[in-house]
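Below: one structure, written as structure tokens.
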């Protein structure tokens, strides 16, 4: 038993049913009903008529059981070390209490202050009196040009 397909609607046409239409250029069209033939001859677009198979395919109707929605992969979070600190030190810092953190901060501040004072003391010792040095000469004067007054 050979089933034909309706040229307009896309429905099946069983043997001894339907109508056959042959156009002037000898192209064959088969219609399941006079309704389909009439709409075809009116040059209606089957993609715009809701009950046709072509329309239903275009608008994804009635195919829910065939295709399930694609599952999206969930991103998995990993913890990694960064430059200057590995994962163990980061975890240790995270688990510290606020009191320990403030003590460390204060210790670091006092250490920095003492280092700064030491540098200032070292700079102050080798200072010579300014009068003992030679008079200031500009670069132009050194080259022999007219730079000074």
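Values for this structure:
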{"read-out": "Rounded tilt (10° steps) of 98-124 against the dominant C-alpha axis of the chain", "value": "40 degrees"}
{"read-out": "Computed lengthening from residue 78 to residue 113, 0.36 nm per intervening residue step minus Cα-Cα distance", "value": "8.6 nm"}
{"read-out": "Where labels lie 7 Å past Cα in the beta-carbon direction, separation of residue 105 and residue 142 in nm", "value": "4.9 nm"}
{"read-out": "Over the stretch 4-58, equivalent-ellipsoid semi-axes from the Cα gyration tensor in Å", "value": "18, 14, 9"}
{"read-out": "Translational diffusion of the chain, µm² s⁻¹ [Kirkwood Rh, Cα pairs; Stokes-Einstein; 20 °C; 1.002 mPa s]", "value": "80 µm²/s"}
{"read-out": "Extension reserve of the residue 121-residue 94 stretch, reckoned as 0.36 nm per residue once the Cα distance is removed", "value": "5.8 nm"}
{"read-out": "Fewest-first ranking of 39, 20, using other Cβ atoms within 10 Å as the exposure measure", "value": "20, 39"}
{"read-out": "Ranked list, fewest to most other Cβ atoms within 10 Å of each Cβ, for 86, 25", "value": "25, 86"}
{"read-out": "Whole-number percent relative contact order across the stretch 4-58, with pairs defined as alpha carbons under 8 Å at least 6 apart", "value": "34 percent"}
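Values quoted throughout were computed directly from the atomic coordinates according to the rules given, and no laboratory measurement underlies them. Here the structure is a predicted model, which means the values were calculated and not measured. Neighbour counts are summed over all protein chains in view; Cβ atoms, including those assigned to glycine, are modelled from backbone coordinates with ideal geometry.
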